[in-house]
Amino acid sequence: MKKVVVRLLVLWIIFMTMGQSLYAQKRYLKGDTLYVWSRQGLFLRNEPNGNQINSLQFSTLVIALEDEPDNQIQLEVIKSYESKGKSYPSVSLQGNYVNVQVPQLGQAGYVFDAYISKYPPILELEKDQYNEGFHNYFSKEFGLLKEFKNHGDRENLRLKIIYGNGINYNLKTTACCSEEVIIFPDMKYTEAYIILNTLFEFEEVINKTKGVQPFYIGVVENYESSGERKILINKELFTYGIHQIENYTIVTIAGGD
């Protein structure tokens with residue numbers, strides 16, 4: 001575990017020296033374009049935590065009208081449980097209500113922002129092909145800035161890509177395993193979580209099975225302190241990590257046969 005943390009911190013430091021212009025995380029400005037990232041949909045309400053007036057489907061585009069930073073709430077999305085003598089922690093998302101306009105409905109209201117993002121959703125991603133999916137998605141949305149690749153085969157691949165908005169994607173493969181590290185500048189922790197949850201269905205699988213599977217499934221670690229937050233989730237043969245340090249969010253996907 002310590003080796004993983006050290007490796008992430010080294011990558012973070014390297015990325016900071018690359019000359020990117022990075023800014024502190026900001027909330028929403030009037031006119032910002034945002035998207036719904038919940039497969040189950042997201043309620044549109046008449047006021048913060050008020051009555052439901054509509055339901056917004058996954059990928060719905062909304063326009064920010066007014067932020068409501070004083071209405072923060074916490075929502076438990078993965079429940080804690082015990083299995084075979086081990087305790088697995090819960091996961092909660094913190095968010096606020098933001099006033100939005102929904103162009104396709106011609107309607108305005110409030111949505112819980114833990115499940116919205118400035119990133120357009122990945123709509124065409126086949127399971128078990130997420131390496132190609134991430135690259136195609138980032139290239140399409142932000143453009144390719146620079147690419148570094150060794151000349152090894154698929155079992156000995158080293159790939160590093162920098163996209164137009166500063167996202168840094170690193171892939172390493174061996175005969176049995178793979179490791180991806182994606183560094184997002186100026187991304188909310190919740191945005192990284194909902195992207196991974198959308199692709200790999202943590203909430204549905206863990207809450208439904210509670211570890212009763214041929215392979216271990218559950219939250220390995222959920223840590224938070226001043227300026228830093230980290231979560232590790234095991235699902236079948238892979239470990240998914242989100243590590244936020246100040247204004248950077250680092251996503252890791254590691255595992256294999």
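All of the numbers you see were taken from the coordinates with simple rules; none came from a lab. Computed from a prediction, not measured in an experiment: that's the story for all the values here. Cβ sites come from the backbone with ideal geometry, for glycine too, and all protein chains shown count toward neighbours.
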Could you look through segment 53-79, keep only residues that are within 30 Å of V220 (Cα to Cα) and in contact (Cβ under 8 Å) with a residue 40 or more places away in the chain, and pick out the one that is surrounded by the most Cβ atoms within 10 Å (Cβ to Cβ)? I78
Looking only at segment 238-257, which residues are of a type in the set (S, T, N, Q) and more than 19 Å from E201 (Cβ to Cβ)? Q244, N247, T249
